[in-house]
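Every number in this text was worked out from the coordinates using simple rules, so none of it is lab data. Predicted model only: the values in this text are computed from it and were never measured. FYI the Cβ positions are ideal-geometry reconstructions off the backbone, even for glycines, and counts take in every protein chain you see.
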Amino acid sequence: MKNYLASIIVLLESVFASAQPPLIHSHNDYQQAEPLTNALRNKVYSIEADVYLLNGELRVCHDKKDLPMAPSLLSLYIQPIIDSFRANKGHLTADKNYSLALMIDIKESGQVALASLVKLLSSYQSVFDKSVNTSAAQVVISGDRGDPSTWPSSPSFILFDGRPNEHYDGQILNKVSFISDSYLNYTRKQDSIDASIKQTVEKIHAMKKLVRLWAIPDNPPGWVHVRGLGVDIINTDRVSECRAQFSSQSQEN
């Protein structure tokens, strides 16, 4: 009887979760026609910027060959976010309930790149530190993240993108913003893709963290399907379409 009731509770939680508007992650946001601007317009949960360190400056691009012409992280994201906070008197936009996670995917030289980022942001903690300003944008480190055991020693304005196969004690878990995995890791398994994803979702939700899968089928059926499996953050290059899809779905419901 207890097992039956537990199954019903899990089922109801899954149905409830899939009925809620999903959070949207703007994958490689810098490749959008309007970096940052389009993301803010669509009130995404998080945006992604791939970075390399070049002559002491963080540059935003996907491939190292593009580094010489790549814009700086400061000019493309950090300064516009700072300016937006100033314009909106301590908030990112006119909507005082809206906040943003800036996920910075460090492609190499993680320790040095992170030190450069910390130095860049340390003068703007009211913009990037939620312990100072609850409306602050949250910086989340992905990619070359370093050893998780070192995360607790990082500044309060730095959190990390976790992985489901890593073990975190309480201190480390407190430095995890959300937990991500590749959808392709599930398509390669012998077991049912959906069952494997649900198992991972349940594990991460038990840790009270949000789930993001990258490399999902980037189209409406794909978005709706992974959302139905309990995935919290929808990873997409098609931000406006994704927002419209779930807005129309919400109206239909």
Pairs of lysines 8 or more apart, or on different chains, with alpha carbons under 24 Å: count those in region 52-190, would you?
11
The chain, Rg to Rh (Cα coordinates; Rh as Kirkwood inverse mean 1/r)
0.97
By count of other Cβ within 10 Å, fewest leading, how are M103, M69 ordered?
M69, M103
Built amide H within the under 5 Å cut-off of S182, gap 5+
W214
Residues whose modelled amide H sits under 5 Å from the amide H of L23, counting only those 5 or more places away in sequence or on another chain, are I234
So for I193, I81, fewest C-beta neighbours within 10 Å to most, what's the order?
I193, I81
For region 21-34, take each phi angle, set θ = phi - 60°, evaluate the Karplus expression 6.51 cos²θ - 1.76 cosθ + 1.60, and give the result in whole Hz per residue in order, putting x for glycine and proline.
x, x, 8, 10, 10, 7, 5, 6, 3, 5, 8, 5, 4, 10
Regarding region 77-142, what are the three Cα extents along the principal axes, ordered largest first, in Å?
37, 21, 19
Below 10 angstrom from the Cβ of L159, what's the summed charge of the other residues (Lys, Arg +1; Asp, Glu -1)?
+1
Using the C-alpha atoms of region 180-253, what convex hull volume per residue, in cubic angstrom, is computed?
92
Go through C242, S154, Y52 and say which Cα lies farthest out towards the positive end of the charge dipole of the chain; charges sit on Cβ, +1 for Lys and Arg, -1 for Asp and Glu.
S154
How large is the charge dipole for the chain, taken about the Cα centre, if only the Cβ atoms of Lys, Arg (+1) and Asp, Glu (-1) carry charge, to the nearest 20 debye?
460
Can you tell which of I104, N165, A94 lies farthest toward the positive end of the dipole of the chain, using +1 and -1 charges on the Cβ of basic and acidic side chains (Lys, Arg; Asp, Glu)?
A94
What residue among G230, G146, G170 has the largest mean-square fluctuation in a Gaussian network model of the chain, using Cα springs under 10 Å?
G170
Förster-model FRET efficiency, 22 Å R0, D83 and H62, C-beta, rounded to 0.05
0.30
Counting DSSP beta bridges in the chain, what percent are antiparallel, to the nearest 5?
15
Compare the Cα positions of I141, N38, Q125 along the charge dipole of the chain (+1 at Cβ of Lys, Arg; -1 at Cβ of Asp, Glu; about the Cα centre) and return the one farthest towards the positive end.
Q125
